[in-house]
Amino acid sequence: IITSSTAAAVTMTLPTGTLTEGGFSGLYTNFTFEWSVINTGATNDVTIAAGTAHTIVGSATIKAGTSGRFASSRTAANTFVSYRIS
C-alpha cells in the first residue's frame, strides 16, 4: 500500500522491471501481485509512471481523496505489466 498526502500534484515512478524482480524470489512468468495507492490529498492527483520494462494498462491517475488498485504481472524476465483494476 502506497499513500500520498501531498499538497501538490505528484508523479510516482514504478521501479524498473529488474528492480521489481529483485524484490521477489522464485519468480515465474505470469507471477502476479497486487498493490494499492491511496491519495489522501485534498486537491491534487497522484500519477503513476512506468519504469523501464514496466508497462501500465488503464488509468494511472489517482484523484484526490480516492484510491487505485493495481495488479502487476511478470510477462518475461525483468518485464512487468501493471493493470488498473479499480
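The values are calculated or read from the model by the stated rules, or taken from the named source; none is laboratory data. Since the model is a prediction, treat every value here as computed from it, not as a measurement. Positions of Cβ are generated from backbone atoms using ideal geometry, with glycine treated the same way; all protein chains shown enter the neighbour counts. When the accessible area is computed, the model is the full protein with side chains, heavy atoms only, and any ligands, DNA or RNA have been set aside. Shrake-Rupley method; radii C 1.70, N 1.55, O 1.52, S 1.80 Å.
Name the single residue that is nearest to Tyr28 (Cα to Cα) among those in the range 55-86 being open to solvent by less than 20 Å² (accessible area, probe 1.4 Å) and of a type in the set (Ser, Thr, Tyr). My answer is Ser73.
Table: residues versus (1) under 17 Å from Ile1 (Cβ atoms); (2) touching a Pro at 6+ places or on another chain (Cβ under 8 Å).
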residue: Thr43; (1), (2): no, no
residue: His54; (1), (2): no, yes
residue: Val57; (1), (2): no, no
residue: Ala71; (1), (2): yes, no
residue: Thr75; (1), (2): no, no
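I want to confirm something. Restricting to the range 7-51 and keeping residues that are hydrophobic (A, V, I, L, M, F, W, C) and within 11 Å of Phe80 (Cβ to Cβ), which single residue is least open to solvent (accessible area, probe 1.4 Å)?
Across the range 7-51, the extreme among qualifying residues is Leu14.
Among the residues of the range 1-31, just one is touching a Lys or Arg at 6+ places or on another chain (Cβ under 9 Å) and among the aliphatic types (A, V, I, L, M), namely Leu27.
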